1. Could you run the Karplus curve 6.51 cos²θ - 1.76 cosθ + 1.60 with θ = phi - 60° over the stretch 54-63 and give me ³J(HN,Hα) per residue in whole Hz, x for Gly and Pro?
2. Beyond 25 Å, how much of the Cα-Cα pair distribution for the stretch 35-140 remains, as a whole percent?
3. Stretch residue 174-residue 22 to full length: gain in nm at 0.36 nm per residue minus the Cα-Cα span?
4. Largest first, how would 175, 168 line up by accessible area (1.4 Å probe)?
5. At 1.4 Å probe size, what's the solvent-accessible area of residue 78? Round to the nearest 10 Å².
6. Quick one: how many Å² of residue 118 are accessible to a 1.4 Å probe, rounded to 10?
Amino acid sequence: MGEIAAHNAAVATPPVTALLAALGRRSIVLVGMMGAGKSSIGRRLAQRLGIGFVDADAEIEAAAGMTIAEIFARDGESYFRSGEARVIARLLDQGSQVLATGGGAFMNGETRASINQKGISVWLKADFEVLMRRVKRRSADRPMLQGDPAERVRHLMEERYPVYAEADAMVMSRDVPHETIVNEIVTELARKLGVAVPPPLNVAEASS
């Protein structure tokens, strides 16, 4: 059984080289709600694939010289969304990378079109309870959660989930080891890109 387990672990995800070849210069773009784990899982996914990781929100803050909360407070959401779209368009021209986007980025039609053209989108979908556990500690720092955070999260889920569903692939974000989610993302990417995944080894094959 040790041989079977080792083999199955080895083929649980497709070969990285084949996946990267199929990806070409396109970015892997993670979309989903705040608290879905786009940044933390994105970093691990980039490390697995041996490519760069970029957080769009961090790039926006660096370009503006202020936090996203400060941008919202000073200039409003429309101004922020316009800048967000420009930053993501620039990042998509950088070639193959894992790009984590803010929760509202994929709602912009032009941004979705750019992602479809220059990337492969993966929706990290999370249930309400999972999101609330993750965001409630920092809700004061999130402009989109001002007021009643639970009510805002439910409203945003209703508004955004039908649009997130347009992504190329979907993986459930849940309270399991990050490597489990990374494995599932890589497998979904392989399916989307047409990269073959070797079948698991069964007991009959192992004994033949």
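1. 9, 9, 4, 4, 5, 5, 5, 5, 5, 5
2. 21
3. Net length gain for the segment: 51.9 nm.
4. 175, 168
5. Spelled out: residue 78, probe radius 1.4 Å, area about 100 Å².
6. Here the accessible area works out near 60 Å².
The values are calculated or read from the model by the stated rules, or taken from the named source; none is laboratory data. Fair warning: this is a prediction, and the values are worked out from it, not measured in the lab. In case anyone asks, the SASA skips ligands and DNA or RNA and just uses the protein heavy atoms, side chains included. Shrake-Rupley method; radii C 1.70, N 1.55, O 1.52, S 1.80 Å.
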